[in-house]
Amino acid sequence: MSHGRFNNPVEAALTGLLDIFRKQDLKNHLKSEDTLEGKTCLITGANSGLGFGIATQFAERGANVIMACRSGIPEAGNKVMDLTGSSKVEMIRLDLTDLNSIHQFIDELKNRKVKIDVLVANAGIAPPKARKTQSGMEEMFMVNYLSKFIYINLMLKEGIIPNDFYNHKNGQKSIPRIIYISSDSHQGASGIDYEEFGIYKDYGVQKAINNYSYFKLVMNTFATALSKRLNKNGKMDVSVNVLCPGPVNSNIARDAPFILRSILKFIFKVFFPSAYKAATPVTYMASSSEFEGKTNEYMHMFNHKKMDPKVYDEKEGAKLWEYSDDVWKKIDESFMEYKLSQIL
């Protein structure tokens, strides 16, 4: 049976609190000249929390910002424009629990010929119990992992993220960057349990916090496999990196039971940095020349770090890809074979 690092959210929150006091080696490496001017940057889950902080910082650095969210439209985008003075901000609806929404989102980007320079796969949830989506998937599994697998593969196939693999670069010189927002809580999570992979099971609060860190390990394993498939034989195609922003004063615990929510809200508000401040390492990874041409890097806040060793197992990455394909094909009548899935 799969298991994550923590058994309760208070334990996870207190561990995050300790991270605040750790030395940040790269804290001063983000420079004012690290601009995103002329870059199209898409952030999922950008209507609140960390995603909103990322969108705000990107807009301040001149990016063309696309906020992909299932709510807060257009209020959140208007707020980013008011805070930054930028007019280059828009919102597009994306509900990661709904396959139809994902396909509509991809179609809109494709029809508008959007080319993404920086994709921040930020959206994530931590529900207090299992919830079933329209496709029969457990909601945290779908939002925190499977939907990312689906929409990123579709973006690559359709050239929304320019890449040489599908002959979509068209002479573009800059290397697109994909950034996965993860959590250092993935360290020590179990290996992937394929007997329960994509199978709906009920659970409560304890298993919910357990699953959160486990699915981060699953996502990181996919990110590593994706990086290896896109960037072979020393040739850089698309940069794929992973970042844990550390503790964030966000509303991720909004669905927790009242008493637990109150405890976490107090810890978040009093001790954790704002979502805007926590977004700074993401801006560094997205804009700094220090990350030009780098892939399969992991940062924990402003420190380089190694992910859990299981994440780097190539056989495990290939197996995860195969099982993810099978689940996608089972639930999505619009599933199409794509070449990248055949590259091991």
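The values are calculated or read from the model by the stated rules, or taken from the named source; none is laboratory data. Only a predicted model underlies this, so the values are computations on that prediction, with no experimental measurement involved. Because the Cβ atoms are built from the backbone with ideal geometry, glycine has one as well, and the counts that use them run over all protein chains shown.
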Requested in this report: Please work out which residue is modelled with the highest pLDDT, limiting yourself to region 213-235 and to residues that are in a loop (DSSP other than H, G, I, E, B) and polar (S, T, N, Q).
Outcome: Asn231
Query raised in the report: Among (1) touching a Phe, Trp or Tyr at 6+ places or on another chain (Cβ under 9 Å); (2) part of a helix (DSSP H, G or I); (3) modelled with pLDDT of 95 or more, which single condition is Leu17 missing?
Result: (3)
**Report entry** Candidate set: region 298-334, residues that are touching a helix residue (DSSP H, G or I) at 6+ places or on another chain (Cβ under 7 Å) and part of a loop (DSSP other than H, G, I, E, B); chosen: the one farthest from Val143 (Cα to Cα)
**Finding:** Phe302
Report task. Residue by residue through region 65-103, note down the ones that are closer than 21 Å to Phe141 by Cβ and of a type in the set (Val, Ile, Thr). Result -> Thr97, Ile102
**Report entry** Filtered residues of region 45-63 (kept if surrounded by fewer than 21 Cβ atoms within 10 Å (Cβ to Cβ) and outside any loop (DSSP other than H, G, I, E, B))
**Finding:** Glu60
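Name the single residue, out of those in region 151-188 being β-branched (Val, Ile, Thr) and surrounded by 23 or more Cβ atoms within 10 Å (Cβ to Cβ), that is farthest from the chain's Cα centre (by Cα).
Step one: of region 151-188, the residues β-branched (Val, Ile, Thr) are 152, 160-161, 175, 178-179, 181.
Remaining after also requiring surrounded by 23 or more Cβ atoms within 10 Å (Cβ to Cβ): 160-161, 178-179, 181.
On the way: Ile160: 17, Ile161: 15, Ile178: 9, Ile179: 7, Ile181: 4 Å.
Here the answer is Ile160.
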Query raised in the report: Which one is modelled with the lowest pLDDT among residues in region 201-212 that are in contact with a helix residue (DSSP H, G or I) (Cβ under 9 Å, 6 or more places away or on another chain) and either charged (D, E, K, R) or surrounded by 24 or more Cβ atoms within 10 Å (Cβ to Cβ) (or both)?
Result: Ile209
Report task. Collect the residues in region 32-51 that are within 19 Å of Ile116 (Cβ to Cβ) and not aliphatic (A, V, I, L, M), keeping them in residue-number order. Result -> Asp34, Thr35, Glu37, Gly38, Lys39, Thr40, Cys41, Thr44, Gly45, Asn47, Gly51
Requested in this report: Pick out the one residue from Gly136, Gly72 that is within 21 Å of the chain's Cα centre (by Cα) and of a type in the set (Gly, Ala, Ser).
Outcome: Gly72
Report summary line: Among (1) over 19 Å from the mean Cα position of the chain (by Cα); (2) buried (at least 19 other Cβ atoms within 10 Å of the Cβ), Lys216 falls short only on (1)
Report summary line: Ile102 meets each of (1) without any contact (Cβ under 8 Å) to a residue 60 or more places away in the chain; (2) in contact with a Gly (Cβ under 9 Å, 6 or more places away or on another chain); (3) surrounded by fewer than 23 Cβ atoms within 10 Å (Cβ to Cβ) with one exception, condition (2)
Query raised in the report: Could you list, in sequence order, the residues of region 127-148 that are crowded, with 20+ Cβ neighbours inside 10 Å and either within 27 Å of Val89 (Cβ to Cβ) or among the hydrophobic types (A, V, I, L, M, F, W, C) (or both)?
Result: Met137, Met140, Phe141, Met142, Val143, Asn144, Leu146, Ser147, Lys148
Report summary line: Among strands (runs of 3 or more DSSP E) entirely inside region 74-189, those with 1 or more residues being of a type in the set (Gly, Ala, Ser) and either touching a strand residue (DSSP E or B) at 6+ places or on another chain (Cβ under 6 Å) or at pLDDT 95 or above (or both) are 118-121
Requested in this report: Answer yes or no as to whether Arg254 is buried (at least 16 other Cβ atoms within 10 Å of the Cβ), modelled with pLDDT under 65, charged (D, E, K, R) and over 18 Å from the mean Cα position of the chain (by Cα).
Outcome: no
Report task. Give just the number: which of (1) of a type in the set (S, T, N, Q); (2) at pLDDT 95 or above; (3) in a loop (DSSP other than H, G, I, E, B) does Gln24 not satisfy? Result -> (2)
Query - Candidates Glu37, Glu108 - the one that is under 21 Å from the mean Cα position of the chain (by Cα), surrounded by fewer than 16 Cβ atoms within 10 Å (Cβ to Cβ) and without any contact (Cβ under 8 Å) to a residue 40 or more places away in the chain - result: Glu108
Query - Test: Val114 is more than 14 Å from the chain's Cα centre (by Cα), under 25 Å from Thr280 (Cα atoms) and among the β-branched types (Val, Ile, Thr) - result: no
